[in-house]
Amino acid sequence: MLSDALDSTKAQVKQAAPTEIFDVFAAEQARNTASGVAAVGSIVADFKLQDATGGQVSLDEIVANGPAVLVFYRGSWCPYCNTTLHTYQQGLVPELEKLGVRLVAISPQLPDGSLSMKEANELEFSVLSDVGNEVARPLGITYRQMQDVQDAAAVFGTDLKVINGTGEAELPHPTVLIVNQDKTIRFIDVHPDYTTRTEPEEIVAELR
């Protein structure tokens, strides 16, 4: 299960991080909440985002042949995101292909970071850059990282203001959307605790 892989990732982070740094991350996970999240049945506004190779991908294109799965993640610097997308590639994508459903992953990082994510995890699906969270914010799934967390992340060389290219430390909560061909939201699962994610089996069951 994905949850088992994420538990292993969390144990690795705890082992690698100084106790005081890990405690800052743990406090962030505990206090994060999501409010004002888009409801099932609401419409996702059309968008056009740059992919890892410099091309443009629109929502119209993504849902052209039926429903699609949109996975919002924090960035290639996030070990939990790497674990999740790698697991989705191995265990979810083959099932989606059987159903004729497309998957795309979206983060606020610049396209260079998207390319790193795609290559490092050998992803066969599109990885898109939502610079400035222009798609994620209207869905009600973004938050601004507090200064203590930014300082803790800097120990690992992570500076969201640079990585995202906006001078802002704004991130999406990890979220899975299933969007129908008419762009209505069929399913939404938001994870304010970013060490947890939507299981592949849950996504497939919802589509079936």
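The values are calculated or read from the model by the stated rules, or taken from the named source; none is laboratory data. Given the structure is predicted, the values throughout are model-derived calculations rather than measurements. Reconstructed Cβ throughout: ideal geometry from the backbone, glycine too, with neighbour counts over all protein chains shown.
It is to be established whether one or more residues within region 50-58 are more than 22 Å from E122 (Cβ to Cβ) and part of a helix (DSSP H, G or I).
The answer is no; no qualifying residue exists.
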Quick check: is even one residue across region 187-199 more than 25 Å from S35 (Cα to Cα), out of contact with any Ser or Thr (no Cβ under 6 Å at 6 or more places or on another chain) and not hydrophobic (A, V, I, L, M, F, W, C)?
-> no
Can you confirm whether region 165-177 contains a residue that is farther than 24 Å from V57 by Cα, outside any loop (DSSP other than H, G, I, E, B) and without any contact (Cβ under 8 Å) to a residue 60 or more places away in the chain?
-> no
Yes or no: T175 under 16 Å from V24 (Cβ atoms), in contact with a Phe, Trp or Tyr (Cβ under 6 Å, 6 or more places away or on another chain) and either at pLDDT 95 or above or of a type in the set (A, V, I, L, M, F, W, C) (or both)?
-> no
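Restricting to region 153-164, and then to whatever is part of a loop (DSSP other than H, G, I, E, B) and within 18 Å of the chain's Cα centre (by Cα), can you tell me which residue is surrounded by the fewest Cβ atoms within 10 Å (Cβ to Cβ)? Lay out the reasoning, then the answer.
As a first pass, look at region 153-164 and keep what is part of a loop (DSSP other than H, G, I, E, B): 155-159, 164.
Those still in the list that are within 18 Å of the chain's Cα centre (by Cα) too: 158-159, 164.
Numbers: T158: 16, D159: 13, N164: 23.
Ranking the candidates gives D159 first.
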If we ask which residues in region 78-112 are more than 12 Å from the chain's Cα centre (by Cα), assigned to a helix (DSSP H, G or I) and within 21 Å of G165 (Cβ to Cβ), their number turns out to be 2
How many residues, within region 69-114, are closer than 14 Å to T175 by Cβ and acidic (D, E)?
-> 0
Taking the condition of a type outside the set (S, T, Y), over 23 Å from L177 (Cβ atoms) and not in a helix (DSSP H, G or I), does G75 pass?
-> no
Can you name the number of the only condition in (1) under 14 Å from the mean Cα position of the chain (by Cα); (2) part of a strand (DSSP E or B); (3) surrounded by fewer than 21 Cβ atoms within 10 Å (Cβ to Cβ); (4) touching a residue at least 40 places away in the same chain (Cβ under 8 Å) that T196 fails?
-> (2)
